[in-house]
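Visitor: Could you have a look at this structure, given as structure tokens, before my questions?
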């Protein structure tokens, strides 16, 4: 009985010993093959791999590369309608039209602009009497991508039409400052309405060769531009002279000239491509310096690793 | 002779007197009828007319009003292609891909995110070893405007396809902190690639009823969403265990879940409609107060004018 007990006790001892040794063996096996010693230098210092952009495409090739990937041929692909975009744009415009804060902000900016330092001193302060953003919505008729003439750059050409009544009315007085200052004043009321505006918007990405900055250039092509203004004028106090043709023509010509100088091709409005992070531009130089530092660190680490092996 | 001289002298005197009187008469006539006395109060204080927005359309009617003006019928108008937009989007993406500052900024943000406070303490710092924004471009296939189900709101539905290799690779160590801290470490390398991403983007303008703020809600519809990941994993130090199916599945499921929670309808990303002037929102209340002030001033002025008349 005690023999049986002692043999079974020995068996249990052996059983446990065998398991412990096997567990230890497996543990060291796993530790050796799968695990490694925690690298303490990594945990105190973060490594960040720095990625270099390999510019495989020159700006010229890039345009062609994009076209081939998108499978768009500017010479053969016809213009596409974009009515869905009209609805989105109309919704955005309706939003702004219904926002009294936005309207009053426009009026405030206009007011500051026309009463600013540029106002000649023979005019009394100018009051905005009428302001309307209209009721209708611009209609994009068709869009296509074409090459810019004599260039390999691409631009989107979007035909649009806009029949509406965007009106700005002002009132002022022309002061007669002779023989004495503010001798008399001629009341002038003007109201200018944009009635028809159609043409082709061109949107072009322009990459500058040296800096990483690129921008979007938006302009309106002259070929089919149709810009019609309606101008009402009223002079005088008790007797009123209405719609002087000479004055009307003068104002309309001045407006057209400003518009052409502002946005009609080859003039254009330039917008920076948004960089998502406001401090990205500022970080650019900083990053370059940091990259050099980190590259040096990486090289140092590699050397150390080799020594350890 | 002296007679002739005196008569002609008298004639000249009369001639000049006649002209002077006529000039004076005309001057006073013009001054009386056309001119007015310069209003000095206007020149010291600027008046600005305050425009109230007459909200003629409720948000519901507004959607219908826009559709009728644009002549778009969501029930019958078919989907439109938008290949021209593909080219513009590809140009913008190519720009970001070639901008090493932008890429490194993404990596920095990712690095801060994954090594931030959320990282559990059994992981050693995570190193980004691979990052690629791919080579291909998303393709918009078709766009249309449809009513949102059970609502009068409109949304643009844009079908897109994106076959590419957007890759993020990381390396870390799972630390064994028992029986003592940093006993051993299991190296883990993971690389996740987004290989296929197609579905329908929905863009919806949402007007809140009470405040003037409205926002753009962008989400992805679940119906035809196809989101495929490829996940590579590597465990171990000397012996490496590759692509454990269980781990791969776990990671892919986790990613899909995060994606669904982030942007798949009815979840959505909301963006404020840009207000052009950064201080417009702040000015809104201020303007309202100012409007009241100015309205009072206008009423005061009108009363004064009536008294003068």
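Visitor: Inter-copy label distances at residue B:223, 7 Å along the Cα→beta-carbon direction, one decimal in nm, shortest first?
Guide: The answer, with the shortest distance listed first, is 3.9 nm.
Visitor: Once you have all Cα-Cα distances for segment B:141-271, histogram them in 5 Å bins from zero and send the whole-percent values.
Guide: Result returned by the calculation: 2, 9, 13, 16, 13, 11, 9, 8, 7, 5, 4, 3, 1.
Visitor: Measuring label to label, 7 Å along Cα→Cβ, what does residue B:262 give against each other copy in nm, shortest first?
Guide: For residue B:262, the inter-copy label distances come out at 4.0 nm.
Visitor: If I model a spin label as a point 7 Å beyond the Cα along the Cα-Cβ vector, how far apart are those points for residue A:7 and residue B:239 in nm?
Guide: 3.8
Visitor: Tell me the distances, shortest first, between residue A:133 and the same position across the other copies, using label points 7 Å along Cα→Cβ, in nm to one decimal.
Guide: 3.2
Visitor: To continue, here is another question. If you wrap segment A:59-277's Cα atoms in a convex hull and average its projection over all directions, what's the area in nm²? Could the numbers behind the result be given before it?
Guide: On the way: hull surface 68.3 nm².
With every direction weighted equally, the projected area is 17.1 nm².
Visitor: Can you put B:217, A:6 in order, fewest other beta carbons within 10 Å first?
Guide: Details: B:217 20, A:6 10.
Ascending Cβ contact count within 10 Å gives the list A:6, B:217.
Bear in mind that the values in this text are calculations on the coordinates, not laboratory data. It should be emphasised that the depicted structure is a prediction, and the values quoted were computed from it without experimental measurement. Counting neighbours? That spans all protein chains shown, and the Cβs are built from the backbone with ideal geometry, glycine included.
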